[in-house]
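Presented below is the structure to which this report refers.
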Amino acid sequence: MMKTHSPNAPAATLLHTRPHHASPVQVEAGNPLRGERLTLRILRESDRDEYIRVLVLSRHILQPSLGLWHPGESDADVFARHLRLAWEGETHAHALRRIAVLPCGRIAGAFNLISLARGLRFEAQMNWWVSADQLRRGIGREGACLLADHATADFPVGMGLHTLSASIMPSHQASRRIAAAAGFVQTSERETVLVDGRWIWHERWVRQSRIV
């Protein structure tokens, strides 16, 4: 992994219930991932105003489904925590957190790999969210496909992960469609996830690498 000491990192997280204890994955900070419309890159201190704009605009849809705000946190606090988590993930190779940026410079959402691990299998959990002003434009699909393809592609092109998992609310049809488009398959497993102070049942979706 190319380490950095600058607090300029990626964002957002979905609370999860399954800790991983395997050794960490070595993750390249590397170049941004570029799609047809999106660039997935690390969150930076200079993104503060734009990121907070998106948080304010999107809180009504993000808090009930993701619980991005911890009790008592301001929008500025959320940005600071996500910035810290992003660079900690890079430095310690246990997460790859990316914001999705449009050509105009607007932040369209975030796409993240968390709990990155190399044990008997190389795996990670994946989550995403889309800004309220970018819904129903295919942003979620493009960003999720871009990150999932990179994560499961073999070295040196991708990260060489064997398995990606995602926890999705059964009622969240948009996320279910995004997961399916990104190659995830719903399993028979369910798990509870702590969201905004409540334990909520989620479906478990999985994408297996073709290199396994």
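For region 77-101, the set of residues classified as hydrophobic (A, V, I, L, M, F, W, C) and in contact with a Ser or Thr (Cβ under 8 Å, 6 or more places away or on another chain) consists of Leu85, Trp87, Ala95, Ala100, Val101, listed by residue number.
Gly140 satisfies every condition listed in (1) surrounded by fewer than 22 Cβ atoms within 10 Å (Cβ to Cβ); (2) touching a residue at least 12 places away in the same chain (Cβ under 8 Å); (3) among the small types (Gly, Ala, Ser) except (1). Checked against the criterion of being more than 18 Å from Phe155 (Cα to Cα), touching a Lys or Arg at 6+ places or on another chain (Cβ under 9 Å) and in contact (Cβ under 8 Å) with a residue 60 or more places away in the chain, the candidates Ala76, Ala110 yield just one match: Ala110. Scanning region 44-57 turns up no residue that is touching a helix residue (DSSP H, G or I) at 6+ places or on another chain (Cβ under 6 Å) and at pLDDT below 95. For region 133-157, which positions are part of a loop (DSSP other than H, G, I, E, B) and either closer than 17 Å to Thr39 by Cβ or polar (S, T, N, Q) (or both)? The answer is Arg137, Gly138. Of the residues making up region 104-154, those that are over 24 Å from His94 (Cα atoms) and over 14 Å from the mean Cα position of the chain (by Cα) are Cys104, Gly105, Arg106, Ala132, Asp133, Gln134, Leu135, Arg136, Arg137, Gly138.
Restricting attention to region 177-188, the residues that are within 19 Å of Phe122 (Cβ to Cβ) and either buried (at least 18 other Cβ atoms within 10 Å of the Cβ) or under 16 Å from the mean Cα position of the chain (by Cα) (or both) total 3. If you check Ala174, Ala166 for being crowded, with 24+ Cβ neighbours inside 10 Å and either free of Cβ contacts under 8 Å to residues at least 12 places away in the same chain or at negative phi (or both), only one passes: Ala166.
Annotation: Val157 fulfils all but one of (1) out of contact with any His (no Cβ under 6 Å at 6 or more places or on another chain); (2) modelled with pLDDT of 95 or more; the unmet one is (2).
Within region 92-107, the set of residues being surrounded by fewer than 24 Cβ atoms within 10 Å (Cβ to Cβ) and modelled with pLDDT of 95 or more comprises Val101, Leu102, Pro103, Cys104, Gly105, Arg106, Ile107. You will find that of Gly89, Gly67, the residue that is at pLDDT below 95, in contact with a Lys or Arg (Cβ under 7 Å, 6 or more places away or on another chain) and of a type outside the set (Phe, Trp, Tyr) is Gly89 and no other.
Could you grab the pairs with beta carbons closer than 7 Å, sequence gap of 6+ or different chains, first residue in region 189-200 and over 15 Å from Asn127 (Cα atoms), second one among the aliphatic types (A, V, I, L, M) and in a loop (DSSP other than H, G, I, E, B)? That search, which allows pairs on different chains as well, returns Ile200/Met169.
The values are calculated or read from the model by the stated rules, or taken from the named source; none is laboratory data. All values derive from a computational prediction rather than experimental measurement. A quick note on method: Cβ atoms are made from the backbone with ideal geometry, for glycine too, and the neighbour counts reach across all protein chains shown.
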